[in-house]
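Below is one structure; the comments refer to it alone.
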Amino acid sequence: KRIGITRIHMEEDAGKLVHSGASISTSEFSAVDYNRAGVPLIEIVSEPDMRSAAEARAYMEKLRAYLQYTGVCDGKMQEGSMRCDANISIMPVGSKEFGTRAEIKNLNSFKALERAIEYEVERQKEILEDGGHVVQETRTWDDAQGMTFSMRSKEEAHDYRYFPEPDLAPIIIEKEWVEKAKSELPELPDARKARLMNEKGLDEYSAELIVADKKMAEYFDAAAAETEDAKGVANWILGDVSAYLNSNNCGISDFPVSPAHLGQMVALIKKGVLSSKLAKKVFAEMLKKDEDPAALVKKLGLEQVSDEGAIQKMVDEVIAANPQSVADYKAGKDKAIGFLVGQIMKKSRGKANPGMVNKLIIKTIKGE
């Protein structure tokens, strides 16, 4: 879906309000912080083309990605690098006239944006269904209470009026300048997503998540350069790495493991040197100290056993000790294999190559 942009205001920050309480609704007073006054900012005014909270969030996420990739800002909403003022109005199905709008100021996360819009839609619906009318006003979002609260009325306020400022001469931008700027743009999110899918074999969902954050995409590229298993790198980034970032409330720039070491660890798994299960232990050690994964595997004695002769010996011993499980498998109970695999993994202290174990158990039972 294409979202139109009405205009872009280039401004300077006027400062911000600091509330005495946890939110404006619980504050006794608000102070004015002028430390950011004069800081350059842009306000992007979009067309009313969005029809749900989910669409608004998707638009903001895509917009942030473009701003990150082009170096406009880091997009850290929680730090104030990017904020959103959402205007919400509702209208009956089939109507072409928008209802009275209310503006929610300074939403500082995608989750808050989505929740605030969903709440405001329901609030306005209740008013209209009860026979009332929505007041044009500015509201604030209280994340703890999950509610919006009125800040100031706009009922008497006129819409913005724009007219030429006589002391500011128009800036004429030549087409050649625009084309030169386009040619100098870096790889943008959609192009990067296509590359990760076409060249690295990532599925669309994984590629979408990775390219949504420029730093994350750069981390992925650096890690994937260390291994032929780009999908494995993506799985670790979207799994264990993201879990660490979420639990520590930090970004990929603060992640303690270098992309090279993560990629090298995935390469060890791909080569069969390290099992996926034991890789968790290596990963945990790298979080404490960013060491070379190959050196850690040796230091911790976690090399995966892929020697067919050694595994076959364990298979023979486990099969001999568990005749009932063998009989169960022959009787069509495939789950019996899981028990036998577990016994061998226990015997090898988790070091045996599970794929090879499974293959050799079936082969031995069938007498092949």
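Heavy-atom surface analysis with a 1.4 Å probe gives the chain a carbon and sulfur content of 52 percent of its accessible area.
Between 0 and 90 degrees, the angle of helix 259-271 with respect to the longest Cα principal axis of the chain falls at about 30 degrees.
Taking chymotrypsin sites (Phe, Trp or Tyr not before Pro) in DSSP loop states with no more than 16 other Cβ atoms inside 10 Å as exposed sites, the chain has its longest site-free stretch at 163-368.
Checking the cross-link filter: which aspartates and glutamates have an alpha carbon closer than 19 Å to that of residue 289, excluding same-chain neighbours under 8 positions apart? Those aspartates and glutamates meeting the cut-off are 240, 254.
The overall shape of region 12-64, judged from the alpha-carbon gyration tensor, is oblate: a/c is not under 1.5, and a/b is no greater than b/c. Shown here: region 218-346, whose C-alpha atoms stretch 54, 27, 25 Å along the first, second and third principal axes, sorted largest to smallest.
Could you work out which residue, out of 26, 140, 148, moves most in a Gaussian network model of the chain, that is, has the largest mean-square fluctuation with Cα springs under 10 Å? Evaluated over the chain, the most mobile residue of the options is 26. Along the charge dipole of the chain, Cβ charges K/R +1 and D/E -1, which of 222, 273, 261 sits furthest on the positive end? The listed residue farthest towards the positive side: 273.
Among 211, 257, 315, the largest mean-square fluctuation in a Gaussian network model of the chain, built with springs joining Cα atoms closer than 10 Å, belongs to 315.
Rounded to the nearest 20 debye, the dipole size of the chain about its Cα centre is 2140 debye, using +1 on the Cβ of Lys and Arg and -1 on the Cβ of Asp and Glu.
Using a Förster distance of 22 Å, how high is the FRET efficiency between residue 264 and residue 349, based on the Cβ-Cβ distance and rounded to 0.05? Can you show the working numbers first?
Values: r = 23 Å, r/R0 = 1.06.
According to the calculation, E is roughly 0.40.
For residue 351, a cut-off of 20 angstrom between C-alpha atoms picks up these aspartates and glutamates, skipping any fewer than 8 places away in its own chain: 285, 292, 303, 307, 308, 316, 317. Ignoring lysines fewer than eight residues from residue 125 along the same chain, the ones with Cα atoms less than 19 angstrom from its Cα are 96. Remark: for residue pairs 62/180; 281/366; 298/366; 215/280; 277/335; 180/231, the C-alpha separation exceeds 28 Å in 281/366; 298/366; 180/231.
Restricting the trypsin sites (Lys or Arg not before Pro) of region 242-342 to loop positions (DSSP other than H, G, I, E, B) with no more than 10 neighbouring Cβ atoms within 10 Å leaves 289.
What is the ratio of the Cα radius of gyration of the chain to 2.2 N^0.38 Å, with N the residue count, to two decimals?
After normalising by residue count via 2.2 N^0.38 Å, the value is 1.40.
Radius of gyration over Kirkwood radius for region 229-268, both on Cα atoms: the Rg/Rh ratio is 0.97.
Rounded to the nearest 10 degrees, the inclination of helix 110-129 to the longest alpha-carbon principal axis of the chain is 50 degrees. With r defined as the distance between the Cβ atoms of residue 10 and residue 247 and R0 fixed at 51 Å, what FRET efficiency is calculated, to the nearest 0.05? Here the calculated transfer efficiency is 0.85. If you run the Gaussian network model on the chain, springs between alpha carbon atoms under 10 Å, then out of 11, 174, 43 the most flexible one is 174. For region 294-368, the Kirkwood estimate of hydrodynamic radius, built from reciprocal distances between every pair of different alpha carbons, is 12.7 Å. Taking only the C-alpha atoms of region 159-252, the Rg (one decimal) and the largest Cα-Cα distance, Dmax (whole number), read 20.3, 61 Å. Annotation: per residue accessible area for region 289-368 equals 59 Å², rounded to a whole number [probe 1.4 Å, protein chains only].
If you sort the three axes of the alpha carbon gyration tensor as a ≥ b ≥ c, you get a/c of 1.5 or more for region 84-225 and a/b no higher than b/c, which makes it oblate.
Let me make sure I get this right: for region 1-139, a, b and c are the square roots of the gyration tensor eigenvalues over alpha carbons, sorted descending. Under 1.5 in a/c it's rounded, otherwise prolate if a/b > b/c, else oblate. Which is it? In terms of gyration-tensor shape, oblate. Each Lys and Arg Cβ is given +1 and each Asp and Glu Cβ -1; about its Cα centre, region 38-79 then shows a dipole of about 120 debye.
Against the chain, whose longest principal axis is taken from its Cα atoms, helix 335-347 shows a tilt of about 80°.
The values are calculated or read from the model by the stated rules, or taken from the named source; none is laboratory data. Just so it is clear, the structure is predicted and the values come from calculations on it, not from any experiment. So basically every Cβ, Gly included, is an ideal-geometry build from the backbone, and we count neighbours across all protein chains shown. Just the protein is used for accessible areas: all its heavy atoms, side chains included, with ligands, DNA and RNA removed. Shrake-Rupley method; radii C 1.70, N 1.55, O 1.52, S 1.80 Å.
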